[in-house]
Amino acid sequence: MGTVHSGGTGLRAIARNLGFVAPVPDIDRRSAPGKFTQAVLDVSRLEPRPIRPEWVLEGQPEARCANLSIGTRGWGSTDHWSCTAGKFRWHFGWDETVLFLEGEVRITDETGKVYLGQPGVSVFFPAGTSSVWEVPTYIRKIAFNHRPVPRYAHLADRIVNKLQRMTGLVPAAKGGLG
């Protein structure tokens, strides 16, 4: 499958007709804000987001990004991100889970283990870690970022939950997502 990140409307229409690109839904952005955030993965909306020069190891990688959502009280975000060829070190200040959409990247962690990022692959990067990214031509991903909860807050949450269960204010958890 060829990439469609650089083409104009003609190439995009051909790719869409072949099923490589989903049609962009018509979202009314003028309506009043609701409870949920809705966004579209549209490569044309990615804006330049340069990689810090001191992180670049080889080449001239050009990163672009569009924020898709901001979590409650700023503790999380979802971003649509792409980058051209190059090699750079990336430092993760937040927990980040990525889902690769297009292209390929070799990621080497601090111990030397190599991970291959390609469409459909997900990788989790804990806050406080670093890795070296080698992008041969182009990579595009969705990043789900979450600020780590401090250890003391986890403990306080567990105590409150236990007290609520003991007093019958909240039923015992039975697993699952709900």
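Looking only at residues in region 93-115 that are over 16 Å from the mean Cα position of the chain (by Cα) and at negative phi, the one that is surrounded by the fewest Cβ atoms within 10 Å (Cβ to Cβ) is Thr111. Considering the conditions (1) over 25 Å from Gln60 (Cβ atoms); (2) loosely packed, with under 14 Cβ neighbours inside 10 Å; (3) touching a residue at least 12 places away in the same chain (Cβ under 8 Å), Phe144 is excluded by exactly one of them, (2).
Here Thr167 passes the criteria (1) under 18 Å from Pro50 (Cβ atoms); (2) out of contact with any strand residue (DSSP E or B) (no Cβ under 8 Å at 6 or more places or on another chain) except the one numbered (1).
Any residue at all in region 72-80 that's part of a loop (DSSP other than H, G, I, E, B), in contact (Cβ under 8 Å) with a residue 40 or more places away in the chain and charged (D, E, K, R)?
Scanning region 72-80, I find no residue that is part of a loop (DSSP other than H, G, I, E, B), in contact (Cβ under 8 Å) with a residue 40 or more places away in the chain and charged (D, E, K, R), so the answer is no.
The residues on offer are Gly86, Gly128, and the sole one that is in a strand (DSSP E or B) and farther than 23 Å from Val40 by Cα is Gly86. Go through (1) closer than 25 Å to Val40 by Cβ; (2) touching a Gly at 6+ places or on another chain (Cβ under 9 Å); (3) not β-branched (Val, Ile, Thr) for Trp133 and report which single condition fails. The failed condition is (1).
Here, each number is a calculation from the coordinates, and none is a lab measurement. Quantities reported herein were computed from a predicted structural model and do not represent experimental measurements. Positions of Cβ are backbone-derived with ideal geometry, glycine not excepted, and every protein chain shown enters the neighbour counts.
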